[in-house]
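Everything on this sheet refers to the single structure shown next.
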């Protein structure tokens, strides 16, 4: 679907609808709040230490445009060296205009700008392949530029929507941790403590042009239903629901880190891959056994192990047998009483 191009001061679009119930003075206070909130986030979460060289990923949407402008406002005070990047995914005819919007904004801010065009084959998993290719290119630019951070525009509302979506799918602590403000690969979210109202107010106050993708309102997508149906219903019960869900993500992330440290300590004596480990795991308490098995399995997979895999491993430890895991592999108990991962033979796969 065709994105809507608008200025925050236009008479149409989502910003105009918001301005129907927010006066100019309130919009101005939102703009001030966003800038001060971003500055606090950078400091409190240690996202961009002074002197940091940053690749700023900007799609032309409201979140990334407000982020880019706010970082440029803070660049001198926080001693940030910024470079703007945008990607033409080649999926919509409007993409070149969106790239030009980001280019013009970058020039107006006096910031270096570069773009990259993706050429992806249509088919299954297109959106995920596009996301992976985008981040791979941003990482390449960061390496070439000598940047240690890549800034992307995710807000507190995005965090709340992600937490809700994962709760609906039955997530544990890993899933509830949701969007990390600072990833190990240097990706940061300066707007993670800002809400959508602050973003729109900032855009209006500074008369910034942006694009709005109507697919964000397409209720065939789960995230759109969460954004436009579920969250508004929850807000009618508690106006701070997005803040509460974002706090839950922060708490889950802290607890996951502590549990990870505990798992590392337990692995010193209960490593499932060591001889005799199965007997030790059988005598361990259930919570410790499952924690170690999850930690061990996570090291064998390219993804976070789900509850069923951990339950199957625990059953294997207690009763024997075999467990299939992703990657056409299986886990069994070897002759030394350790868990062993092996590649499944083709005939074994056909027989299951």
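Every number here is computed from the coordinates shown, using simple stated rules; none is lab data. Because the structure is predicted, anything quoted here is derived from the model rather than measured. Every residue, glycine as well, gets a Cβ built from its backbone with ideal geometry; the counts of neighbours run over all protein chains shown.
Quick rundown of the values:
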{"item": "Exposure proxy ranking, count of Cβ atoms within 10 Å, fewest first, for 194, 58, 217", "result": "217, 194, 58"}
{"item": "Additional length obtainable on full extension of the chain from residue 182 to residue 107, 0.36 nm per residue less Cα span", "result": "24.2 nm"}
{"item": "Contact order relative to length of the chain, as percent, for alpha carbon pairs under 8 angstrom and 6 or more apart", "result": "19 percent"}
{"item": "Antiparallel %, DSSP beta bridges [both residues in the chain], to 5", "result": "45 percent"}
{"item": "Zero-based 10 Å bins, Cα pair distances in the range 271-351, whole percents", "result": "19, 55, 23, 3"}
{"item": "As computed over the chain, the Cα convex hull volume per residue (Å³)", "result": "174 Å³"}
{"item": "Percentage, to the nearest whole number, of Cα pairs in the range 76-148 over 17 Å apart", "result": "52 percent"}
{"item": "Rough spin-label spacing in nm, given labels placed 7 Å along Cα→Cβ, for residue 132 and residue 33", "result": "4.0 nm"}
{"item": "Residue exposure sequence - 323, 107, 38 - by fewest surrounding Cβ within 10 Å", "result": "107, 323, 38"}
{"item": "Relative contact order of the range 271-351, pairs being alpha-carbon contacts under 8 Å that are 6 or more residues apart, as %", "result": "31 percent"}
{"item": "Inter-label distance for residue 343 and residue 100, nm, one decimal - labels placed 7 Å from Cα along Cα-to-Cβ", "result": "5.2 nm"}
{"item": "Rounded to 5, the percent of DSSP beta bridges in the range 66-220 classed as antiparallel", "result": "10 percent"}
{"item": "Residue-averaged [θ]222 nm for the chain, counting only DSSP H segments that reach four residues, each worth -39500 (n - 2.57)", "result": "-16500 deg cm²/dmol"}
{"item": "Global geometry of the range 127-274, whether rounded, prolate or oblate, following the gyration tensor of its Cα atoms and the 1.5 cut on a/c", "result": "oblate"}
{"item": "Whole-Å distance, taken between Cα centres, linking the range 178-194 and the range 256-301", "result": "29 Å"}
{"item": "Isotropic mean projected area of the C-alpha convex hull, the range 35-171 (nm²)", "result": "9.5 nm²"}
{"item": "Alpha-carbon centroid distance for the pair the range 93-135 / the range 209-244, whole angstrom", "result": "25 Å"}
{"item": "Full-extension gain in nm, residue 258 to residue 88, via 0.36 nm per residue minus C-alpha separation", "result": "57.2 nm"}
{"item": "Cα gyration tensor category, rounded, prolate or oblate, for the range 221-285 with a/c compared to 1.5", "result": "prolate"}
